Structures are given as structure tokens and as C-alpha cells.
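The values are calculated or read from the model by the stated rules, or taken from the named source; none is laboratory data. From a predicted model like this one, the values you see are computed outputs, not experimental measurements. Every residue, glycine among them, receives a Cβ derived from its backbone with ideal geometry; neighbour counts consider all protein chains shown.
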Amino acid sequence: MDITAIKTEPYTDQTLGTSGLRKKVSVIKQQNYVENFVQSVFDCLENFEGKTLVIGGDGRYYNDRAIQAILKIAVANQFGRIIVGQNGILSTPASSHVIVKYGAVGGIILSASHNPGGPDGDFGIKFDNEHGAPAPQELTAKISARTRTIDHFWTVDLPDVDLSQIGEQTFGNTVIQVISSVDDYVAYMQEIFDFGKIKKLFDNGLTFIYDAMNAVTGPYAVRIFEEILGAEKGSVIHAVPLPDFGGLHPEPNLTYAKHLVDLMYTENAPDFAAASDGDGDRYMILAPSFFLNPSDSLAVLTQYLDTIPFYKGRLTGVARSMPTSFAVDAVATDKNLPFYQTPTGWKFFGSLLTANKIALCGEESFGAGSFHLQEKDGIWAILAWLSILAETGKTVEQITRELWQKYGRVFAMLQSYEGLDATDANTLMARLNTQLPTLPGTSIQGETITEAFNFAYTDPVTGEIAQNQGICLLFGTDTRIVFRLSGTGSSGATLRVYLNKRITDPTHFDDAPADALATLAEVSRIVSDLKKLTGRHTPTTIT
Ligand code: G1P
Ligand code: ZN
């Protein structure tokens, strides 16, 4: 088989964001765009010849084409074995698990996570390292730099590889092994959780719905919830992964999973509802007339995870991303657990998990995970909750209300202003940054700023420093606004405004979050001069 070097010109826009490269499909489709990027990734790895690489994706539009292109480059680069999910499908957590299980040097995951798919939607490529963790900052910087200097990539003249059948095919020095997309992951979940105990919940009549949002988790969820745990057939809806997600925006939150939220506020609501995103690393949980805020969820998982036998005695510490509400902090203090606050993005949890400094971690953006693998894991979070229900005999609402009783309820809301002009958004952030020294002492709408800073983080394991990770305005110890720009968009800019307020008076626990946080939202608009600088007054999504 002839391996040839193809001359190429660098693209200037292949910088990695919060989680890998995210672009419009039309951008990704440009000549050699995928080839340039993937060769750049390989150029930044060492000693991979003869070793194993994993490739999988969330099945979105262009997944199939990109995989074929990547297979050619990977064979030309002399990987010894390439493990691919059947039909190119692997959820992000399943990829992470497979990388470690088969001792791969890493994996390429094709996904734009919760961003819409289809010919006019988004596509993405990320690289996970040998721990199955998102490429750490140092590596993403190296890859981004390489994309700007690349002048050739390696390829072979290979026909399209049939990925529909499980088995092995040999091309030159490389074995391409197609594996089941779900078997390894499901077996791993069975090692972690006591499925017998969870099954009893269903046997005893727990009613359940899981929305796979026409994205990657359908086959995993049908197997786990319906076939093994005994949830009623049809409990998993939108269960077939579609290239355009059937027009759904595969982001489980109050805006994009409104159909599920609406159902949960009717008389027909099942006892437990859940959903996952495009690539299966996010989760949302609802109970009848009750929305489980992901920041509260992390607090509860911290409180109860060690009631699950697999985690008993293994709760070394906990981390949350900075914009995640401080609900978990009090639980960590109570349980005497080391606690870390990291910048947004799962890559910052990797070193803490590898060094066993933390056992679990989470983000306000519907992400949670543990040391079981180094990506966030939607189905794991749902199984962890079901296990906690089984262990405690309580309901989601009961458990969460007990948390509020003990520590107060931290109202948490993210207001996103999407599709802003990038220059406007940068000006807004720069202006806030300049004002930081003078903001403390300022009162707006009766709220007084006590501290104002730009969040910076030094990784306690690697010493790596991440600066400029979001502007924090504190109003005493229980109220906070955070501003940051999204790093996952494919065009323009998205301003994220996080609002947090702890209320300790139980008569206000059932206030609508929009009411509890109305003043703070107004403060965020005033202090950032939002209207003047962006022309906007109303967020495009609220979660
Ligand atoms: C968003 C979330 C962040 C999450 C990331 C990937 O990033 O805010 O918590 O890790 O998606 O799922 P952002 O667009 O804010 O950079
Ligand atoms: Zn995702």
C-alpha cells in the first residue's frame, strides 16, 4: 500500500475551543480541512507507530465522510490498530472508556456535542489522550499552533472501509477493528452500579422516560433502561440517532427539551425523566413538576455517591467548574472533602481525576462524572441518581429539598446571549475587566459588589496556569454574577451570564428562579452596559 505525502496549505481558523474544534459543516467540508486538522493532531503526538487509536462519533451529518478521511490518514501514519465504533458511532463517554480499556494512545471523537447537526449545522473534532481525557491545555495549544504551519499530510489510497460489520480488516500494517458501540460501555456501567438494585425500582413500578433527542445515546439507553433494567418498552424516546437529530437541538435543558419539561408539568408525568445531549456526555433530570438544577445535582451526588458500594471509601475530593453554583461547596465542607474550583471545560478536571485528588466533578451545563472515566457521562449520572433513589428509598424531589433545608437553596441560572458580534462581545468583556478595581463598593439596584476579579487557575497537579477564565462579581458570600464568553460556538460570540443567589428562608424555596434572580439579572445588564454595547436586552436562552 503506497503512503503518500499530500501538500497542503494551513487554515488559520483551526484553534481549539472549550472542547476541541467546532465549526459549521460548510467550513469542515473545505478541501483538506479535516485532513489538515487530524494530521496536526498526530504531529503533536509521540511514539504512536504500531499503537492503538480509537475513532468514534455521535453520528451527526458528515460523521461518515470524516471517518473515512481520518481512517486513511491514520493508516498512513502507521497506527497499528484503529478501533472504530460500529457505523462510526461511539458516545463521548463510551469513547473515553474504550480508549482506556484497549490501551489506546488516544481517540478522535467526532461531535459538536449539543450543537445542532445536519448540512447547515455544526461539526466538531476532539482528541482525548491515553487516559480518555480531553486533550489538556498544553496539547490543545500545541495542536492549534501546528494547524497554522502544516504543509503536508500523509494518506493512503484506500477504498472506503465497511464499518457496518463487527470484526477486523487489515490494511498494510494497520488492523481496523470495528467494535460494538454499546457493549463495552454497558458492561462497565454494570460493574459500577448494582443493576439488580436499580431494577427493583422499575419492578416496583417506577415510571420513567428518557429522551435521547435523536442523538447518540438511543442505543445505549434502550439496552440499559429498557432491556436490562426493565423500564417499559418505549420509555426511551427519540431513540434512533439521526444525522440531523430529526431537527431537534440536542441540548437537554429547559429551552431545547421543552417538550419533556412540559410533559413533566402535566398529570401524566412519569416519576423520573431524563435526557442526554448529542454525544451523550450531558444529562438532565426532572421529576413531576420539579426540575433538578445541575448544580444542585452535583451537591446531591457529592452527598450520596458513597452510598453506592462502588464508591464507598473512594470519595477523595470533588471539583466544580467556577460558573457552577456554590451549592456543592457546603456539602464538601461538611463531608471534609478536598474541594477544587476549575475553569469551564472538562479538560481541567483531567489532572485532578488522574492524580486521584477528586472522585467526582461537575458543571452547571448539565455535566457530571467521576473517576470511572475522564469525560462527563450523561447515562452514568442518571444511573447514579437511580442508584441513590434505590439506596435511600427517597424521591428526586425529597432528596433535593432536604439539601435546601440543610444549606439553603442556591438559585442558579445561566442567561446566554447568542449570536453577538464578536467585536461587541470582546469590547464588553474588556470594559468589565478594566473596571474591576473600581467595582467593589458599587451598589446597583440595591446589590453591593464586594469583590470583582477575573478568574485565574493554577492546576494543583501540573502547575499549568489558565488566565482570563471569566469575570466574577461577588455580592457578599451568597450572591454572585459571572460573565464569560463561550468557547464552543462555531460563529459570532455567545456571552454567558451566570446568576447565583442562596436563599435560606424556606418560605422562598418555591419562588420561580426567574423571580428570585430578577434583580440580579437586571444588575448584570446594567453593570455590563449590555444594551449599549451589544444592542441586546433579552437573553436568547435561559437554563
Ligand atoms: C459549554 C459549557 C461548558 C461545557 C462545554 C462543553 O462551554 O458552558 O460547561 O464544558 O460547553 O460541553 P462554553 O460554550 O460555555 O464554552
Ligand atoms: Zn456533549
Query raised in the report: If you take the residues of the stretch 268-296 that are of a type in the set (Ser, Thr, Tyr) and surrounded by 20 or more Cβ atoms within 10 Å (Cβ to Cβ), which of them is farthest from ligand 2 (Cβ to nearest atom)?
Result: SER295
Query raised in the report: Residues in the stretch 1-28 that are out of contact with any Gly (no Cβ under 8 Å at 6 or more places or on another chain) and either closer than 20 Å to ARG148 by Cβ or part of a helix (DSSP H, G or I) (or both): how many?
Result: 15
Query raised in the report: Quick check, is GLN31 out of contact with any Pro (no Cβ under 8 Å at 6 or more places or on another chain) and touching a residue at least 40 places away in the same chain (Cβ under 8 Å)?
Result: no
Query raised in the report: For the stretch 162-185, which residues satisfy the criterion of being surrounded by 18 or more Cβ atoms within 10 Å (Cβ to Cβ), β-branched (Val, Ile, Thr) and over 16 Å from THR4 (Cβ atoms)?
Result: ILE176, VAL178, ILE179, VAL182
Query raised in the report: Restricted to the stretch 98-115, and to residues that are more than 16 Å from LYS376 (Cα to Cα) and either basic (Lys, Arg) or within 14 Å of ligand 1 (Cβ to nearest atom) (or both), which residue is nearest to the chain's Cα centre (by Cα)?
Result: ASN115
Report task. May I ask you to list the residues in the stretch 88-129 that are more than 12 Å from ligand 2 (Cβ to nearest atom), touching a Ser or Thr at 6+ places or on another chain (Cβ under 7 Å) and closer than 21 Å to GLU49 by Cα? Result -> TYR102, GLY103, ALA104, VAL105, GLY107, ASP128
Report task. Show the residue pairs that are 6+ apart or on different chains and have beta-carbon atoms under 7 Å apart, the first residue being within the stretch 264-284 and in contact (Cβ under 8 Å) with a residue 40 or more places away in the chain, the second being charged (D, E, K, R) and away from ligand 2 (no atom under 12 Å from the Cβ). Result -> ALA275/ASP211
Report summary line: If we keep only residues of the stretch 35-87 that are part of a loop (DSSP other than H, G, I, E, B) and of a type in the set (Lys, Arg), then the residue nearest to the chain's Cα centre (by Cα) is ARG60
Query - Selection from the stretch 353-368 of residues that are touching a Pro at 6+ places or on another chain (Cβ under 8 Å) and within 15 Å of ligand 1 (Cβ to nearest atom) - result: GLY362, GLU363, GLU364, SER365, PHE366, GLY367, ALA368
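Might you let me know whether the stretch 161-170 holds any residue that is among the hydrophobic types (A, V, I, L, M, F, W, C) and outside any loop (DSSP other than H, G, I, E, B)? Can you show your working first?
Taking the stretch 161-170 and keeping what is among the hydrophobic types (A, V, I, L, M, F, W, C), we get 161, 163, 166.
Filter again for outside any loop (DSSP other than H, G, I, E, B), leaving none.
No, that holds for no residue.
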Report summary line: When LEU432 is run through (1) in a helix (DSSP H, G or I); (2) among the hydrophobic types (A, V, I, L, M, F, W, C); (3) within 22 Å of PRO294 (Cα to Cα), the failure sits at (3)
**Report entry** Pick from the stretch 118-140, criterion part of a loop (DSSP other than H, G, I, E, B) and within 15 Å of ligand 1 (Cβ to nearest atom), ranking: modelled with the lowest pLDDT
**Finding:** PRO136
